[in-house]
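Written below as C-alpha cells is the structure these notes are about.
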Amino acid sequence: MFSFKKNNLEKIKTFIRNSEEVQIDKEDKEELIKMIRPTVGIRTKSCEDKNLKLGTSKIGGKPDLPKDFEWPKADGKPMLFCAQYNLAELTKFDKENRLPKKGFFYVFVSLDQDWKEFNGVNQPYKFIFSETENIIRTEFPNDLDENQTFKTAVIEYFEYYTIPHWQNYKLFEFDKKYDDFNFYFIEPIEFYMIEELYQDSDNMHQILGHDRSIQSSVVYDFASKELGLYSAESSEYQKRWNDILELSKTYELLLQLDCYDSNTDLTKFGGSGTYYFGLSKTDLENMNFSNIKMSFQMT
C-alpha cells in the first residue's frame, strides 16, 4: 500500500555533514547529529470502516473500543472521536522502546463551547490508553451531532527522524552563536527530509521524537498548562518565563495529530491546526498515560 526508503538516518547525517547549505562549524554539526531522534512516522490513506480489520490504526470513522467502554462526555454532550492508534502495529518503529507493546491510544475532543471549533483553549479532551484487546466496533452515541463525526483514514507507521524545533531550549546556545540559526541549519534539514526522503509524507502526524511545532516549541505549552498560564496575558507569561522554561525541560512529546490532512476531514473544525499531546519524562518512563497535556497550534 505504501513504500518507504531505508537507511534514512545515515542519509540525514551525511547531508548535515556535507551540505554547503548547513552553514555551521563541523563540531557543532556533530553535536546536532547526536540530537536526532527516532520517531514513528504516520502516513494516511482515505478508506472506509467496512474495509478495515477490527483494531486497525485510523483517524476518524467509528472507534473500536472495549466492550464496557463509556463514551466520554463534556458538559453533558458526547465528545468527538478523532483517532485510534494500535500500539502493536507501531512497536517495531519505536526504536527507543518507550511505549507499551500492545494496547491502544484513543483521542476524543470537544468543540470549544464559545467558538464551536478546535482551538485547545477551552476545549475538553480525553487521551486514553487502553490495554485491552477485547474490542468491538462501536456505534456513535445517538446524541452526537451528525456533522461531529469524521471520515475514515487508515494509518500506516514508518521509520522517521526528527530534530529539535529551532526555538527549543536544546538549541539556545547554537542560536546565540549563529545569526539566523534557523535559516542556516534547521530549514535546510527539514526541507531535505521532506523533499528528498519523505516526499509522500508531508503531514504533521507523528508519535514520539522532537515536536514539529507550528509555532514555538510545544513543550512550553505543556509547561504553561501545568502552571495555569496557557493563553495567559503576554506580560504574565513573560514574568513567569523562567518557570515555564525549567518545567518545559521535564516534558516530552507523545503524539501529534494533524487536522490539515487531505485524507481526513478534521479540518472542518481544526482548520490548518495540529494537536500535540505530551507528558512528563517520568510518566513516559513509567508508561503512565493518565496525565496527558494537550496543545493546539495553527498557522
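The values are calculated or read from the model by the stated rules, or taken from the named source; none is laboratory data. The shown structure was predicted, so the numbers you read here are calculated from the model rather than taken from an experiment. Heads up, the Cβs are rebuilt from the backbone with ideal geometry, glycines too, and the neighbour counts pull from every protein chain shown.
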- Single residue of the range 164-187 satisfying the filter (touching a Ser or Thr at 6+ places or on another chain (Cβ under 7 Å) and in a loop (DSSP other than H, G, I, E, B)) that is surrounded by the fewest Cβ atoms within 10 Å (Cβ to Cβ): Q167
- Query: Can you tell which of S272, S216, S290, S234 is within 21 Å of L87 (Cβ to Cβ), polar (S, T, N, Q) and surrounded by fewer than 18 Cβ atoms within 10 Å (Cβ to Cβ)?
  - Reply: S290
- Could we say that I128 is more than 25 Å from E252 (Cα to Cα) and at pLDDT 95 or above here? no
- Note on the structure: Counted residues in the range 185-210 being under 22 Å from N263 (Cβ atoms) and touching a strand residue (DSSP E or B) at 6+ places or on another chain (Cβ under 8 Å) come to 11
- Message: Please verify whether T91 is surrounded by fewer than 17 Cβ atoms within 10 Å (Cβ to Cβ), under 20 Å from the mean Cα position of the chain (by Cα) and hydroxyl-bearing (S, T, Y), treating the condition exactly as stated.
- Response: yes
- Task: Output the number of the condition that E131 fails; it satisfies all remaining conditions of (1) under 25 Å from S290 (Cβ atoms); (2) touching a Phe, Trp or Tyr at 6+ places or on another chain (Cβ under 7 Å); (3) without any contact (Cβ under 8 Å) to a residue 60 or more places away in the chain.
- Result: (2)
- Just need a number here: residues in the range 21-45 that are more than 14 Å from I189 (Cβ to Cβ) and touching a Phe, Trp or Tyr at 6+ places or on another chain (Cβ under 7 Å). 5
- Task: Tell me, please, whether a residue that is in contact with a strand residue (DSSP E or B) (Cβ under 6 Å, 6 or more places away or on another chain), surrounded by 13 or more Cβ atoms within 10 Å (Cβ to Cβ) and not in a loop (DSSP other than H, G, I, E, B) can be found in the range 19-32.
- Result: no
- Message: Could you tell me how many of the residues in the range 106-163 are part of a strand (DSSP E or B), within 16 Å of the chain's Cα centre (by Cα) and among the hydrophobic types (A, V, I, L, M, F, W, C)?
- Response: 8
- Are any of the residues in the range 193-209 closer than 19 Å to D112 by Cβ and not in a strand (DSSP E or B)? no
- Can you name every residue in the range 72-94 that is more than 21 Å from K268 (Cβ to Cβ) and either in contact with a helix residue (DSSP H, G or I) (Cβ under 6 Å, 6 or more places away or on another chain) or not in a strand (DSSP E or B) (or both)? G76, L87, A88, E89, L90, T91, K92, F93, D94
- Out of all the residues in the range 160-180, which are under 23 Å from E252 (Cα atoms) and out of contact with any strand residue (DSSP E or B) (no Cβ under 9 Å at 6 or more places or on another chain)? H165, W166, Q167, N168, Y169, K170, L171, F172, E173, F174, D175
- Note on the structure: For the range 255-269 the number of residues that are surrounded by fewer than 21 Cβ atoms within 10 Å (Cβ to Cβ) and touching a residue at least 12 places away in the same chain (Cβ under 8 Å) is 4
- Cross-chain or 6+ apart pairs with Cβ under 6 Å, the range 141-157 first and surrounded by 12 or more Cβ atoms within 10 Å (Cβ to Cβ), then of a type in the set (K, R): T152/K58; V154/K45; V154/K58; I155/K58; E156/R43
- Query: Could you list, in sequence order, the residues of the range 56-71 that are closer than 15 Å to I128 by Cα, part of a loop (DSSP other than H, G, I, E, B) and not charged (D, E, K, R)?
  - Reply: S57, P63, F69, W71
